[in-house]
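Accompanying notes for the structure given below.
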Amino acid sequence: MPIDEEIDKIDFYAHHAIAIHQKLVIATGRVFKKPNQIAIIGRMAVMSKYRREKLGTNILNLLETKLSE
């Protein structure tokens, strides 16, 4: 995806998390709160060869922790 389509205005205030293995991003996610305090999770992805290793779960847990700080 072209970088100008990848970045949106939410990126500037959302919390982001990434997992890196050997200099390669292998998992990612973001979360942000809407004005009504509903949290929106997005941009969740885990490279297929790293699935079933709880990376997605760990990223969600980290993002949830950031929301409660």
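Each reported figure results from applying straightforward, stated rules to the coordinates on display, with no laboratory input. All of these numbers come straight from a predicted model, not from anything done at the bench. With ideal geometry, Cβ positions are generated from the backbone for all residues, glycine too; neighbour counts draw on all protein chains shown.
Highest mean packing first, where packing is the average number of other Cβ atoms within 10 Å per residue, the peptides 18-25, 29-36, 59-66, 3-10 line up as 59-66, 29-36, 18-25, 3-10. In this rough spin-label picture, where each label sits 7 Å from Cα along the Cβ direction, the residue 49-residue 9 distance is 4.0 nm. Determine the calculated [θ] at 222 nm for the chain from helices alone, applying -39500 (n - 2.57) to every DSSP H run no shorter than 4 residues and normalising by the residue count; nearest 500 deg cm²/dmol. Theoretical 222 nm ellipticity from helices: -7500 deg cm²/dmol. Taking Cα atoms only, the orientation of helix 55-68 departs from the longest principal axis of the chain by about 20 degrees.
Farthest toward the positive end of the dipole of the chain, out of 61, 36, 7, is the Cα of 61, where the dipole comes from beta carbon charges about the Cα centre.
About its Cα centre, how strong a charge dipole does the chain have in debye, to the nearest 20, once Lys and Arg get +1 and Asp and Glu get -1 at the Cβ?
Values: 11 positive and 8 negative charges, 64 e Å.
About 300 debye.
With the convex hull drawn around the C-alpha atoms of the chain, the volume per residue stands at 107 Å³.
Under 16 Å of direct C-alpha separation, and excluding same-chain neighbours fewer than eight residues apart, residue 9 reaches these lysines: 33, 34. Under the criterion of Cα pairs below 8 Å and six or more residues apart, the relative contact order for the chain equals 27 percent. If I stretch the segment between residue 20 and residue 33 completely, what's the gain in nm (0.36 nm per residue apart, minus their alpha carbon distance), one decimal? My answer for the length gained is 2.2 nm.
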